[in-house]
1. Explain nothing, just compute: Karplus ³J(HN,Hα) = 6.51 cos²θ - 1.76 cosθ + 1.60, θ = phi - 60°, for every residue of segment 102-107 in order, whole Hz, x for Gly and Pro.
2. Using Cβ contacts closer than 10 Å as the measure, can you line up 119, 133 from fewest to most?
3. If you take the Cα Rg of segment 15-152 and divide it by 2.2 N^0.38 Å, with N the number of residues, what do you get?
4. Using 0.36 nm per residue, how much length does the chain from residue 7 to residue 88 gain when fully extended, once their Cα-Cα distance is taken away?
Amino acid sequence: MSLCFIEPQDAVRVVADSVGREARRQLVTEVVHAWVNSLPDSELPIHYAEAIRALDENDLTVLAAWHASLEVGQPVANRDFLIGAYTALDKDNRREALRIAASFRSEEAFENGASDEEMLDTVLPWLPPRQTMELAAEAMRIYVWDRIGSDN
């Protein structure tokens, strides 16, 4: 019996190439979440502002509704409100707000024809080893989910 070793980044890429469309979308979402989790706290506001600038009105409305659920003020679906409200959030909710905004951006890119390979090429090299290992484990769960009966 032979044994094969593979780097976690490569495992994520192999899974992305081996699963159906819905599973790839889920994997891209997990890649975005891993990226957000790896960011230092000091960089969160910068990336949040960038993500907000790229969102359309529908996404801004959904994000404002999420802010409203935290009772950080009367929600307004505009960039200035969302950036201002962001500063009132605690550390965990700041990460979650960025995850949501970045997920909207990645979903929009996916729908506009950007490939999951582009996302992986952009994000994977920047992830620390711990996040890459966690992402590889999640990729395997997605692979199994895809193979045992999702609607792909």
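Here, each number is a calculation from the coordinates, and none is a lab measurement. As the structure is a computational prediction, the values presented were derived from the model and not from experiment. As a convention, Cβ positions derive from the backbone with ideal geometry for all residues, glycine included, and neighbour counts pool all protein chains shown.
1. 5, 5, 4, 4, 5, 5
2. Values: 119 21, 133 14.
By the 10 Å Cβ count, ascending: 133, 119.
3. Details: Rg = 15.7 Å, N = 138, 2.2 N^0.38 = 14.3 Å.
Compactness ratio reported: 1.10.
4. Numbers: separation 81, 0.36 × 81 = 29.16 nm, distance 3.94 nm.
Working it through step by step, the gained length comes to 25.2 nm.
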